[in-house]
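Chemist: Submitted below is the structure of interest, expressed as structure tokens.
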Amino acid sequence: MKIKRITYQSRRDFLAIYECEHCGYISQNEKEFGWGYDDRNFHDNVIPTFECPKCHKKADKDYRGLETKYPEWQEV
């Protein structure tokens with residue numbers, strides 16, 4: 001799964017719509033993944049472990065997460 005669009009963000013917490021890069025499935029509501037935390041750990045280590053509810057695949061080995069809105073060192 002990868003982030004298709006961030007629909008809401010407050011500081012580092014965000015709500016997103018996710019899309020499967022294998023079958024094109026798009027998450028329908030916030031109960032399917034939804035909320036996240038905008039830091040390198042979440043983008044690089046958590047999102048790639050999300051399994052698509054339709055095809056049951058996870059991210060490819062070459063998955064690259066989005067850039068964070070704020071630098072890692074910055075307190076928000």
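The values are calculated or read from the model by the stated rules, or taken from the named source; none is laboratory data. If you're wondering where the values come from, they're calculated on a predicted model, not measured in any experiment. Positions of Cβ are generated from backbone atoms using ideal geometry, with glycine treated the same way; all protein chains shown enter the neighbour counts. Ligands, DNA and RNA are excluded from the accessible area calculation, which covers all protein heavy atoms including side chains. Shrake-Rupley method; radii C 1.70, N 1.55, O 1.52, S 1.80 Å.
Chemist: Take the range 1-60 and flag every residue that is among the basic types (Lys, Arg), touching a strand residue (DSSP E or B) at 6+ places or on another chain (Cβ under 7 Å), within 23 Å of Val76 (Cα to Cα) and touching a residue at least 24 places away in the same chain (Cβ under 8 Å).
Modeler: Arg12
Chemist: While we're looking at this one, here's another question. Restricting to the range 44-70, what's the tally of residues that are of a type outside the set (A, V, I, L, M, F, W, C) and closer than 15 Å to Gln9 by Cα?
Modeler: Residues flagged as of a type outside the set (A, V, I, L, M, F, W, C) and closer than 15 Å to Gln9 by Cα within the range 44-70 amount to 4.
Chemist: Ok, one more. Which condition number does Tyr70 fail, the rest of (1) surrounded by 14 or more Cβ atoms within 10 Å (Cβ to Cβ); (2) modelled with pLDDT under 95; (3) not polar (S, T, N, Q) being met?
Modeler: Failed condition: (1).
Chemist: Here's another thing I want to ask about it. Name the residue that is farthest from the chain's Cα centre (by Cα), counting only residues in the range 23-33 that are assigned to a loop (DSSP other than H, G, I, E, B) and loosely packed, with under 15 Cβ neighbours inside 10 Å.
Modeler: Restricting to residues being assigned to a loop (DSSP other than H, G, I, E, B) and loosely packed, with under 15 Cβ neighbours inside 10 Å, the top hit is Cys23.
Chemist: Also, I was wondering about something else. Scan the range 34-67 for residues that are over 18 Å from Arg5 (Cα atoms) and open to solvent by less than 70 Å² (accessible area, probe 1.4 Å) and jot them down.
Modeler: Hits for the range 34-67 are Pro53, Cys55.
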